[in-house]
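Below: one structure, written as structure tokens.
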């Protein structure tokens, strides 16, 4: 879970302490012949915000990023950066820089030479170039490696050179296209926190494109989840995880169990849901715009919210189902249980391993009872 904003009570404010849009995307579309890559997207991004465009391959996120950079021209709509319409500005005149997945470092140049390249192209005075390159390398902690060539660096170090080169021109907006995809898992996780720290220190607005949910949840103040060229939901990482607004978002972000049933009466603020697999019924917090009695509804429950026990819960407990453990995955800090209900459907429960030796109190093949609190149920429309 992100160490940033943790508001889960609906769509977040534009950004902490700032209600004005710095980057405004207004009804932007992009067509490639008959293919609609980006479909009427509108977004407001605040000054100094770390914003993520998240989605699977082909959802339009990279095309949207390339339109911000000026590498693609929108088929419709407009883009304003700090009140300036970017439509008439070519890429090299926009106060925007882009960090590519490949890093695109010049192999014949030193680290310092790579970072200085853009400033030299802009004919910045030599003394200023030296000062700004030194500042950028210090920012990414690469000053001792200034004279090395790219082939003498690790993957993480090359990534930081590319970041320094992107920041040295002091853009108003930095675009990052899957910048950590080439790193191994452990280094990628470490670099995510380094990237957050650098962004907070320089105060530049970052927009990152990624398909990695964990990466977006870690680095971003807010996330836009994209689906087939449209925005499915914009919110803080915590709100998107805990309060998804559609089945697509619930299934794309993290693991989830989804139950389909029929809405019954609202009782004391909770909506009762009839489900054949749960004799005592299921329940979720009712919503003002909730379904009518008899409507088909979906209840989403995250695996870590579901308790697993050998003993049945007290009679009349809602959100209680029973089944047989078919698989157990021991993952160190947690264990994941796959439980087959009597109906044949699978439910996943994730439990924290609090004992050192990870002993399985519940083994494969055991008859178990699953339950969760009403507030853990997320009500979705079918």
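Tabulated results
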quantity	calculated
Taking the chain and dividing mean pair separation by its residue count, relative contact order in percent (alpha carbons under 8 Å, at least six apart)	17 percent
Stretchable slack from residue 172 to residue 317, in nm (0.36 nm times residue separation minus alpha-carbon distance)	46.7 nm
Choice from 337, 92, 103 with maximal GNM fluctuation in the chain (Cα, 10 Å cutoff)	92
CD proxy at 222 nm, helix term only [per DSSP H run n ≥ 4: -39500 (n - 2.57); per residue of the chain; nearest 500]	-6500 deg cm²/dmol
Most fluctuating residue given options 97, 257, 353, as computed from a GNM of the chain linking Cα atoms under 10 Å	353
For region 287-378: relative contact order, % (alpha-carbon pairs under 8 angstrom, 6 or more apart)	39 percent
Inter-site label distance for residue 287 and residue 82 at 7 Å from Cα along Cβ, in nm	3.9 nm
Highest-MSF residue in the chain out of 272, 88, 300 [GNM, Cα springs under 10 Å]	88
Shape of region 67-108, Cα gyration tensor, a/c cut at 1.5	prolate
Cα gyration tensor of the chain - equivalent ellipsoid semi-axes, whole Å, descending	46, 26, 16
Footprinting exposure proxy for 86, 65, 331 (fewest neighbouring C-beta atoms within 10 Å first)	331, 65, 86
Two-site label geometry, residue 295 and residue 197: point separation in nm, points 7 Å out along Cα→Cβ	4.8 nm
Full-extension gain in nm, residue 327 to residue 102, via 0.36 nm per residue minus C-alpha separation	77.1 nm
Burial ordering of 98, 67, fewest other beta-carbon atoms within 10 Å first	98, 67
Helix 185-202 axis, angle to the chain major axis (alpha carbon atoms, nearest 10°)	60 degrees
Degrees separating the helix 126-139 axis from the principal Cα axis of the chain, which is the longest one	20 degrees
Likely footprinting exposure, 217, 196, fewest C-beta neighbours within 10 Å first	196, 217
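Values in this text are rule-based calculations from the coordinates and carry no lab data. These numbers were taken from a predicted model, which means no experiment stands behind them. Positions of Cβ are backbone-derived with ideal geometry, glycine not excepted, and every protein chain shown enters the neighbour counts.
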